[in-house]
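Please treat every number below as a calculation from the coordinates, not as lab data. Source: prediction; values computed, not measured. Cβ coordinates were reconstructed from backbone atoms using ideal geometry, including for glycine residues, and neighbour counts include every protein chain displayed.
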Amino acid sequence: MNAIRVENLTKRYGANEVLKGVNLKVDEGEFYALMGPNGSGKTTLASIIASVRVPTSGSVDIYGRKSWEAKEWIGYVPQENFSSPKLTGRENLVYFARLLGYSGSQAESLVNEMLGRIGMSADADKRVGKYSGGMRKRLEVATALFPGVRILILDEPTTGLDPSARRKFLGLVEEVKDKQTTIFLITHLGSDAELASRVGLIDNGKIIAEGEPEALKRLHGLGDVITVETAVKSDKVADVLRNFSDEKRLLETEAGYRIYCKHGDKVLPELVRNLDQIGGKVTRIEVAKPSLEDVFFKLTEKTVTEVS
Amino acid sequence: MSQIAGAFSKTIKEFLRERAVLFWTIAWPILWVLIGSFVFVAGAPKEIVPYLRGATTISMLVFALMIAGIANLPANIAADRENGLLAKLMSMPISPRKDFVGRILGLAAFSCLAAALVIAVGLACGARFSTTNTGVLQAVGFLLLVICASAGIGLLVGTFIKHVHGAVMTGVGIAVVTSAVSGMFMPYSALPSSLQQFARVYPTASANSLAIYALMGEEIAGYNPLTVSQVSLTVALSVFLLVLGTVLYSRRCWRTE
């Protein structure tokens, strides 16, 4: 049985169609990441699955039940920091435990156990207003891990965290969840999405590709990615780079350019020579394997972060 | 029951830990009790000064209850909406009604604490009340109406004003302006006749006069508000505001889009 099954889901706000017939299946215990730029509809989709919004048409089933009949199985962590900064970490968790129907003493002992699982026992009695962004997010994830939760929906949980805190955070989520718990992660970061067992790419209200991270990269024929930074950006530099890129694709980034070619290492010397000839002084050049952001760019001609 | 207890505990802790809430609900009314007790009674005959102090204490107690309901409650709701807590709650198997009851009980408990402190300071400043046990019970009943009406207005503000600062400014503005124009900061007799009419209709001002009348009589209240028509109107409007606020809060703040 699918943990999440979304069929022909649409969502309209007036004339603006945010979701355009989304179909999605996530299996029990799977770590599924939905990646796309801001405005692509991913947060709307997550909030409909979590029963915070209602769809215009289509359906969402959670283990065969309608989503609003399965609230006790869903642990939803919205993008915003929803924990109360005036309460301590422990008081916040006790508040959520009590909302879920635990008595005072049951809530206390359950919260002690959860604080241990997320490694926050030492900071439990500090007010949340004094927590770092990463600590606060960990606490908020704990509010979604009470017994009975089978699907954890995380909406951009690593926004505002530095890369190492991000990896640590997502590692912790994997560690603390039960084996049967399904994770549905919303992100615009390829590095976060790569931790998932399956990734869906969403753009303009539609899922445009889906699969295991490595399979997605292979499937879309991305060989190597060459990142080039030159002293000065110019049309001439861009033209040279485009000539070395498969399908003439060139992605302009803040610091330079990215191109895609089957055998990056082999073309590198010639590429540098050609740039030298037109006076494009290379300050940094790197050949790497493609990321999910590159797959997204190949499919949409847009960058995830650029649109964000 | 545990859902109500959870919402109650969160609400009262947040009120007690927010400096702005403590200032407007406790320190500000106490400051006015002090000023009213020692500055504004300078020209009054000595024998009625303790009762004027009593009237000031009751008015400031009512003002504290108004601020708690009209400003603190909507700020609390707006903060929960702004920081995503309401979205989180909507995704959980919990009832909006229980959340509401917990919040209102938290508000009531905090209001009682503020009221007790204001009365204690008033008594320490020499406030006296000439009344019977029945009068005290009547006054408590009228003060409960203040909590109902204020909570109702607060729920309306919290439902329609989406952001914390907007909710605070609107709430404080409504509480201060309506208090000023309905004779909470001055004797009823000093109000122009149109505002005297307003003071008889506006439920918190009317309940304030009723409480003063029950505790100190007509001379200090400025008129006799204890009539069937005024009491009925005050009760009806207070209950109506609370019911309207509750219905709109449950429907709009907890509405899935």
What ranking of A:Asp155, A:Asp125 emerges when the number of other C-beta atoms within 10 Å of each C-beta is taken as an exposure proxy, fewest first? A:Asp125, A:Asp155
For the range A:19-123, what's the relative contact order in percent, using C-alpha pairs closer than 8 Å and at least 6 residues apart? 14
Could you tell me the calculated FRET efficiency between A:Val54 and A:Arg218, based on Cβ-Cβ distance and R0 = 30 angstrom, to the nearest 0.05? 0.20
Rounded to 0.05, the calculated FRET efficiency for the beta carbons of B:Leu31 and A:Arg127 at R₀ = 22 Å is 0.20
Specify the residue with the greatest mean-square fluctuation among A:Leu93, A:Leu185, A:Leu241, computed from a Gaussian network of chain A linking alpha-carbon atoms under 10 Å apart. A:Leu241
Counting pairwise Cα distances across the range A:147-256, what percent come out greater than 20 angstrom? 58
Which of A:His220, A:His188, A:His263 has the fewest Cβ neighbours within 10 Å, and the rest in rising order: A:His263, A:His220, A:His188
Kindly count the pairs of lysines across the range A:104-195 whose alpha carbons are less than 18 Å apart, treating pairs on different chains or eight or more residues apart as eligible. 4
Taking the Cβ of A:Val240 as the center, what net charge do the other residues with Cβ under 13 Å away carry, scoring Lys and Arg +1 and Asp and Glu -1? +2
For chain A, what Kirkwood radius comes out of the mean inverse Cα-Cα distance, in Å? 21.2
Classify the range A:51-163 as rounded, prolate or oblate, taking a ≥ b ≥ c as the square roots of the eigenvalues of its Cα gyration tensor: rounded when a/c is under 1.5, otherwise prolate if a/b is larger than b/c and oblate if not. oblate
Report, in cubic angstrom per residue, the convex hull volume of the C-alpha atoms of the protein assembly as shown. 197
Given the C-alpha centroids of the range A:221-275 and the range A:1-58, what is the distance between them in whole angstrom? 36
Assuming R0 = 30 Å, can you tell me the calculated FRET efficiency for the pair A:Asn243 and A:Lys206, based on Cβ-Cβ distance, to the nearest 0.05? 0.40
At a threshold of 8 angstrom on Cα-Cα distance, excluding pairs fewer than six apart, so keeping six or more, what relative contact order does chain A reach in percent? 21
P(r) of chain B over all Cα-Cα pairs, 10 Å bins starting at 0, rounded to whole percent, reads 8, 32, 34, 18, 7, 1, 0
In percent, what relative contact order does the range A:30-84 have, based on Cα pairs under 8 Å that are 6 or more apart in sequence? 22
Quick check: pseudo-label points 7 Å beyond the Cα along Cα→Cβ at B:Val140 and A:Thr253, how many nm apart are they? 7.1
Comparing B:Gln230, B:Gln197, B:Gln138 in a Gaussian network model of chain B (Cα, 10 Å), the one with the largest mean-square fluctuation is B:Gln197
Using a ≥ b ≥ c from the Cα gyration tensor of the range B:68-109 (square roots of the eigenvalues), is it rounded, prolate or oblate, where a/c under 1.5 gives rounded and otherwise the larger of a/b and b/c decides, a/b for prolate? oblate
Which aspartates and glutamates have a Cα lying under 12 Å from the Cα of A:Lys262, excluding residues fewer than 8 positions away in the same chain? A:Asp224, A:Asp246, A:Glu247
Where is the GNM fluctuation largest for chain A (alpha-carbon springs, 10 angstrom cutoff): A:Pro37, A:Pro163, A:Pro290? A:Pro163
Sorted by Cβ neighbour density within 10 Å, fewest at the top, the residues B:Cys112, B:Cys148, B:Cys253: B:Cys112, B:Cys253, B:Cys148
Net charge of Cβ neighbours under 15 Å - reference B:Leu52; Lys, Arg +1; Asp, Glu -1: 0
Cross-link reach from B:Lys98 to lysines, straight Cα distance under 16 Å and at least 8 residues apart if same chain, gives B:Lys10, B:Lys88
Label B:Lys162 and A:Trp68 with points 7 Å out from Cα along Cα→Cβ: what is the distance between them in nm? 2.2
Cα gyration tensor shape of the range A:118-198, rounded if a/c is under 1.5, else prolate or oblate by comparing a/b with b/c: oblate
